[in-house]
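Participant: Okay, handing you the structure first.
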Amino acid sequence: MDNSKERLIQIIRERSFQYSNIPKFKLSSGAVSNFYFNMKKTTQSPEGMYIVGKIIFEKIKELGLHPNAIGGLTLGADPIAYAVAMHSQIAKEPINAFVIRKEPKEHGLKLPIEGDVTAGDHVIIVDDVVTTGASTIKAINTAKENNLIIDAVIILVDRCELNGRQNIEQLDYPVYCILNVHDFVPTISI
C-alpha cells in the first residue's frame, strides 16, 4: 500500500490541491483557508479511482471489517464508493456501493438512499474530504434513519481544520483518515 499511497499523494498534489500564502479559498462551511482540495479531479480520474479503490478496500480488510456496502453523501463519496465496489469485485469479496442523496427525490420511490443496500446491512460511510464533518454527519444520520448499521467512517483526506474528524467521532463511530493536509504541506500550522 505504501507505493499506492505515495502515488495517490502525487496525483492529489498535481490535480486536486491548491495552496496560497494568504487565505483565499472559501469553504462550504463559510470559512476561508490557505488551501483547497478539489478531490473530484483525482477520484474521477482512471488512475486516481483505481488507487483510491485499492487503498480503501485494503484498509477495510486491515480493519477486519465485512460491510455489505459502502457509500456516503453525494457527490464526494460517490466515486470512492464505486471504486471500492469495483475493486472488491475483482478481489472476489464484493461490497455494494450506495449513494445518499442530499434531498430525497420528489418523484418515483422518493428514496434518500440509492443502491443495493437494505435496512440491517452493515455499511461504511466514506467522504473525500473532511473539514467540519457536516456532510459526513449528514450521511451518518441518513444511514441511521434508514436502519443501516455503520461499522466505520473512512475519510480520504482530513484537512485538520475546524474539528471535522472530532465532530464525527463524537457520534461514537470509528473514523479512519487515509491522508491529511500534512501529507501535502508538512510545515503548515493549523
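Participant: For the stretch 91-113, how many residues meet the condition of being in contact (Cβ under 8 Å) with a residue 24 or more places away in the chain and either among the hydrophobic types (A, V, I, L, M, F, W, C) or exposed (fewer than 11 other Cβ atoms within 10 Å of the Cβ) (or both)?
Facilitator: Total satisfying the criteria: 7.
Participant: All but one of (1) surrounded by 19 or more Cβ atoms within 10 Å (Cβ to Cβ); (2) over 25 Å from residue 112 (Cα atoms); (3) touching a residue at least 60 places away in the same chain (Cβ under 8 Å) hold for residue 48, so report the exception by its number.
Facilitator: Only one criterion in (1) surrounded by 19 or more Cβ atoms within 10 Å (Cβ to Cβ); (2) over 25 Å from residue 112 (Cα atoms); (3) touching a residue at least 60 places away in the same chain (Cβ under 8 Å) is unmet by residue 48, namely (3).
Participant: Further question on the same structure: Can you find a residue in the stretch 63-80 that is crowded, with 18+ Cβ neighbours inside 10 Å, of a type in the set (Ser, Thr, Tyr) and modelled with pLDDT of 95 or more?
Facilitator: The answer is no; no qualifying residue exists.
Participant: Contact list please: Cβ distance under 6 Å, first residue in the stretch 18-30 and closer than 17 Å to residue 40 by Cα, second residue part of a strand (DSSP E or B) and of a type in the set (Ser, Thr, Tyr), pairs at least six apart or on different chains.
Facilitator: 18/36; 25/33; 25/36; 27/33
Participant: Give me a count of the residues in the stretch 45-65 that are within 16 Å of residue 75 (Cβ to Cβ) and within 13 Å of the chain's Cα centre (by Cα).
Facilitator: Residues flagged as within 16 Å of residue 75 (Cβ to Cβ) and within 13 Å of the chain's Cα centre (by Cα) within the stretch 45-65 amount to 2.
Participant: Hey, another quick one. Just to be sure I understand the filter: pairs with C-beta atoms under 9 Å, separated by 6 or more residues or on different chains, first member in the stretch 139-150 and on the phi < 0 side of the Ramachandran plot, second member acidic (Asp, Glu). Which pairs pass?
Facilitator: Short answer, once both residue conditions are applied: 139/127; 148/121; 149/121.
Each row is one residue, and each column tells you yes or no for (1) within 29 Å of residue 15 (Cβ to Cβ); (2) among the polar types (S, T, N, Q); (3) touching a Leu at 6+ places or on another chain (Cβ under 9 Å).
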{"position": "44", "(1), (2), (3)": "yes, yes, no"}
{"position": "70", "(1), (2), (3)": "yes, no, no"}
{"position": "121", "(1), (2), (3)": "no, no, yes"}
{"position": "128", "(1), (2), (3)": "yes, no, yes"}
{"position": "142", "(1), (2), (3)": "no, yes, yes"}
{"position": "153", "(1), (2), (3)": "yes, no, yes"}
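Participant: State whether the residues of the stretch 135-144 include one that is closer than 26 Å to residue 58 by Cβ and either at pLDDT below 95 or more than 15 Å from the chain's Cα centre (by Cα) (or both).
Facilitator: no
The values are calculated or read from the model by the stated rules, or taken from the named source; none is laboratory data. Not measured: the values here are computed from a predicted model. A quick note on method: Cβ atoms are made from the backbone with ideal geometry, for glycine too, and the neighbour counts reach across all protein chains shown.
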